[in-house]
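K.L.:
The structure is given below, and queries will be raised subsequently.
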Amino acid sequence: MKHCKGILAGLSLVMAMPTMAYGAAAQPAKVSLESNGTDQTLQSVCNIGGNTYFQLRELASLMSKEMPFDVGWDASAQTILLEKGKAYSGSVPKINQITQEAVETKTPVLLSGESETFDTYRIEGYTYFKLRDLADALGFSVAWDDAANKISVTTADVSGQTPIAPGVYQDMLGHGMDVDWSKTNQGREYYTEKTAADFAAAGVDHVRIRIADEITPELLESLDKQVEDCLEYGIIPIIAYQADDFKNDPSDKNMKKAVKWWKEMAEHFEDTSYLLSFDLLIEATDELNKDSERLNDYFAEAVTEIRKTNPERIIMISPRLRSDAAYLHELEIPKDHNGYLMAEWHFYAAGPSKTNEKKLWTTGTAEEKQLIQDKIQLALQWQAETGIPVWVGAWMPGDYNDGDNYSIGEQCVFAAYMTESLDEAGIPFAVNSDTKFYDREQQMWYEEMLPLRNILYGR
């Protein structure tokens, strides 16, 4: 996956290479590394601007058994060489244990033959990388214990053949997109394998496949193709159900109908890769929005039913008021979740507004940015309190549903701030939606949206 942004925004790794920008103080720091149950002390660690950085070569040495990778240097190309699967046998240089100047730089890397460029710092000839970038590239997961100054590295199987822990899944989701491939007749008609290939090439890490219809053989046939194509091209598929009848009238009859929908869907996909997950409801609206207890009842019954055939598949629940993070605290954790549970929330799902004070965005003032930060903090607080990872299932860079009065340039500014803010918080997201970016009939990206798409997906 290309955008494993949630792993650890503050930590980074180290190697050598020249380039210039502006400097910052790098102070020695004491950090330990826990890799698959074993604690080891890191020798060459520094702090830059309140964040911890350490040497790439030292990490390669310490992880030679759990996650082997070799580190080399191409002097002619001024490029770092990383090779997965080959144990590191070189030396581990140490920085001087005094405050040094760190210089911001860009570092080209050739990873098993594929070219990448990372944002880095350089100290005394060694370049310090973001840990989340390396973890994403090499396929391991990282957590940070601030109180203990300890990094925990997990090299679990994330291929989808074995169950995936929610924290690891959160790291893997990266930057995704809401898609209507199975929501409308047109979506099903125009979808082909090329669609998935185009999304993968654009850097889309996951797709939230929205479905409104009842389950039919025709629906399952098209959905099977979409899920298979996603898995083939390295895209994580998430099935999300609209459940309109239940939202309009949350009666016993309609709740049983929605639970039955998930029963059948779960049975159909019970042998599918664990990369596939289930998003139980697309935004609590209408009458259901008024009854948080009814929403919790639905989640409890749906989870119990799904667990009969999919005991270890990731399931997503979401709060009321169109999945507003302010109502996460009302969620009751289903007793049968088995530890494989995440919470989905939305903000700016219909885009920012130039007049609505609740989602105001004009030029990106401090007050406008704070509105975004406040929502993110609500989600992070709930995540910390419950231990259940969160992700943003929908946000929109423009106000496409209500006037579309933001220029592409204005959307780019908003999208850059949203992307950066969610990445720093370690929260993956899906952008709403594919029809605004991709011409499904012509099977090509809309030219005018490419600058925005590239900001969202790193291309």
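Matching residues to (1) charged (D, E, K, R); (2) in contact with a Pro (Cβ under 8 Å, 6 or more places away or on another chain); (3) modelled with pLDDT under 95:
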{"residue": "Lys257", "(1), (2), (3)": "yes, no, no"}
{"residue": "His268", "(1), (2), (3)": "no, no, no"}
{"residue": "Phe299", "(1), (2), (3)": "no, yes, no"}
{"residue": "Leu328", "(1), (2), (3)": "no, yes, no"}
{"residue": "Gly339", "(1), (2), (3)": "no, yes, yes"}
{"residue": "Phe347", "(1), (2), (3)": "no, no, no"}
{"residue": "Lys354", "(1), (2), (3)": "yes, no, no"}
{"residue": "Glu357", "(1), (2), (3)": "yes, no, no"}
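K.L.:
Looking for something within 29 Å of Ile211 (Cβ to Cβ) and exposed (fewer than 15 other Cβ atoms within 10 Å of the Cβ) - is there at least one such residue anywhere in segment 411-424?
P.N.:
Within segment 411-424 (the criterion being within 29 Å of Ile211 (Cβ to Cβ) and exposed (fewer than 15 other Cβ atoms within 10 Å of the Cβ)), the answer is no, since none of the residues qualifies.
K.L.:
Let me ask something additional. Go through segment 385-407 and count every residue that is modelled with pLDDT of 95 or more and among the small types (Gly, Ala, Ser).
P.N.:
Total satisfying the criteria: 4.
K.L.:
Shifting gears a bit: At least 1 residues that are of a type in the set (Gly, Ala, Ser), under 14 Å from the mean Cα position of the chain (by Cα) and under 20 Å from Leu422 (Cα atoms) in each: list the strands (runs of 3 or more DSSP E) lying fully within segment 155-248 that qualify.
P.N.:
Result: 175-179.
K.L.:
How many residues are touching a Ser or Thr at 6+ places or on another chain (Cβ under 9 Å) and under 18 Å from Cys412 (Cα atoms) when one looks only at segment 436-456?
P.N.:
Qualifying residue count, segment 436-456: 3.
K.L.:
Look through segment 82-112, keep the residues that are touching a Lys or Arg at 6+ places or on another chain (Cβ under 6 Å) and at pLDDT 80 or above, and return whichever of them is farthest from Asp70 (Cα to Cα). Quick ask: steps written out before the conclusion?
P.N.:
Looking only at segment 82-112, we keep the residues that are touching a Lys or Arg at 6+ places or on another chain (Cβ under 6 Å), and these are 92, 103, 105, 112.
Checking the rest, the ones that are also at pLDDT 80 or above come to 92, 103, 105.
On the way: Val92: 12, Val103: 25, Thr105: 22 Å.
This residue is Val103.
K.L.:
State whether the residues of segment 443-451 include one that is part of a strand (DSSP E or B), more than 20 Å from the chain's Cα centre (by Cα), more than 20 Å from Met172 (Cβ to Cβ) and in contact (Cβ under 8 Å) with a residue 12 or more places away in the chain.
P.N.:
First, the residues of segment 443-451 that are part of a strand (DSSP E or B): 444-445.
Filter once more, so that each one left must be more than 20 Å from the chain's Cα centre (by Cα): 444-445.
Okay, now just the ones that are also more than 20 Å from Met172 (Cβ to Cβ), so 444-445.
From what's left, in contact (Cβ under 8 Å) with a residue 12 or more places away in the chain: 444-445.
Yes: segment 443-451 contains one or more residues that are part of a strand (DSSP E or B), more than 20 Å from the chain's Cα centre (by Cα), more than 20 Å from Met172 (Cβ to Cβ) and in contact (Cβ under 8 Å) with a residue 12 or more places away in the chain.
K.L.:
With respect to Tyr340, determine if the residue is touching a residue at least 60 places away in the same chain (Cβ under 8 Å), more than 26 Å from Thr285 (Cβ to Cβ) and surrounded by 15 or more Cβ atoms within 10 Å (Cβ to Cβ).
P.N.:
In short, yes.
K.L.:
Continuing with this model, one more query. Among the listed residues Glu367, Glu312, Glu332, which satisfies the condition of being more than 19 Å from Pro428 (Cβ to Cβ), acidic (Asp, Glu) and in a helix (DSSP H, G or I)?
P.N.:
Numbers: Glu312 fails: in a helix (DSSP H, G or I); Glu332 fails: in a helix (DSSP H, G or I).
The unique qualifying residue is Glu367.
K.L.:
Determine which member of the set Gly398, Gly364, Gly426 is more than 20 Å from the chain's Cα centre (by Cα), touching a residue at least 24 places away in the same chain (Cβ under 8 Å) and over 30 Å from Gln186 (Cβ atoms).
P.N.:
Matching residue, one of Gly398, Gly364, Gly426: Gly364.
K.L.:
If I filter segment 323-335 for residues that are under 19 Å from Asp399 (Cα atoms) and surrounded by 13 or more Cβ atoms within 10 Å (Cβ to Cβ), do I get at least one hit?
P.N.:
yes
K.L.:
Of the residues Asp271, Asp245, Asp224, Asp249, which is among the acidic types (Asp, Glu), touching a helix residue (DSSP H, G or I) at 6+ places or on another chain (Cβ under 9 Å) and more than 23 Å from Glu287 (Cα to Cα)?
P.N.:
Asp224 is the lone residue from the list that is among the acidic types (Asp, Glu), touching a helix residue (DSSP H, G or I) at 6+ places or on another chain (Cβ under 9 Å) and more than 23 Å from Glu287 (Cα to Cα).
The values are calculated or read from the model by the stated rules, or taken from the named source; none is laboratory data. These numbers were taken from a predicted model, which means no experiment stands behind them. Cβ coordinates were reconstructed from backbone atoms using ideal geometry, including for glycine residues, and neighbour counts include every protein chain displayed.
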